[in-house]
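Report on one structure; see the data block that follows.
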């Protein structure tokens, strides 16, 4: 699974808003600065988040963006699906982005991709923004753990 820059910036902005939940609005300029996101690009993303009912905007000199829903009521799965479209690694195991493949009747590795899709979907759909925010950031050691880097492209 690979997420787009749009999805990445949307998640960054949402987690900044989770950090400041019920503490007042954050101006778009501050959201862009904190998340190293282009302001104009982030403005479009924030309008999309607002249309989904996940954020709200407050006008004025002390205005900005706030979460419109509790972070317990927004999941990573919802956000990623909204901006990325699908969670499936390939089209032949996607429900909403299904693409028929001529090898489906005989394909053995499709099952692994189906299981990966199901695992990722379950993980993302059970991961509320509140739960994820309470977790710890991933350390470099975790990413490069010798037991997990046996192959290129991981």
Q: Spot the failing condition for residue 8; the list is (1) at pLDDT 95 or above; (2) within 16 Å of residue 130 (Cβ to Cβ); (3) out of contact with any helix residue (DSSP H, G or I) (no Cβ under 7 Å at 6 or more places or on another chain); (4) surrounded by fewer than 17 Cβ atoms within 10 Å (Cβ to Cβ), and only one is missed.
A: (2)
Q. Which of (1) out of contact with any strand residue (DSSP E or B) (no Cβ under 6 Å at 6 or more places or on another chain); (2) more than 27 Å from residue 117 (Cα to Cα); (3) surrounded by 14 or more Cβ atoms within 10 Å (Cβ to Cβ); (4) in contact (Cβ under 8 Å) with a residue 12 or more places away in the chain does residue 82 not meet, given it meets every other one?
A. (2)
Q.
Given the criteria buried (at least 19 other Cβ atoms within 10 Å of the Cβ) and closer than 29 Å to residue 1 by Cα, does residue 32 qualify?
A. yes
Q.
Return the residues of segment 63-74 that are under 20 Å from residue 31 (Cα atoms) and at pLDDT 95 or above; say none if nothing qualifies.
A. 64, 65, 66, 67, 68, 69, 70, 71, 74
Q: Working carefully through the options 119, 133, 98, find the one that is surrounded by fewer than 16 Cβ atoms within 10 Å (Cβ to Cβ), touching a helix residue (DSSP H, G or I) at 6+ places or on another chain (Cβ under 8 Å) and not in a loop (DSSP other than H, G, I, E, B).
A: 133
Q) So is residue 42 on the phi < 0 side of the Ramachandran plot, in contact with a helix residue (DSSP H, G or I) (Cβ under 9 Å, 6 or more places away or on another chain), surrounded by 18 or more Cβ atoms within 10 Å (Cβ to Cβ) and at pLDDT 95 or above or not? A) yes
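At pLDDT below 95 and part of a helix (DSSP H, G or I): does that describe residue 81?
yes
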(Q) Looking for something modelled with pLDDT of 95 or more and surrounded by 17 or more Cβ atoms within 10 Å (Cβ to Cβ) - is there at least one such residue anywhere in segment 53-62? (A) yes
Q. Cβ-Cβ below 7 Å, separation at least six or inter-chain, first residue in segment 110-129 and more than 28 Å from residue 15 (Cβ to Cβ), second surrounded by 13 or more Cβ atoms within 10 Å (Cβ to Cβ) and at pLDDT below 95: which pairs?
A. 110/92; 110/93; 113/89; 113/90; 113/93; 114/93
Q: Could you please tell me which pairs satisfy a Cβ distance under 8 Å, a separation of 6+ or placement on different chains, a first residue in segment 44-60 that is closer than 11 Å to residue 27 by Cα, and a second residue that is modelled with pLDDT under 95?
A: 57/63
Q.
So, in segment 28-65, how many residues would count as being in contact with a strand residue (DSSP E or B) (Cβ under 9 Å, 6 or more places away or on another chain) and not in a helix (DSSP H, G or I)?
A. 8
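The values are calculated or read from the model by the stated rules, or taken from the named source; none is laboratory data. A quick note: this is a predicted structure, and the numbers were derived from the prediction, not measured. We place every Cβ from the backbone using ideal geometry, glycine too, and count neighbours over all the protein chains shown.
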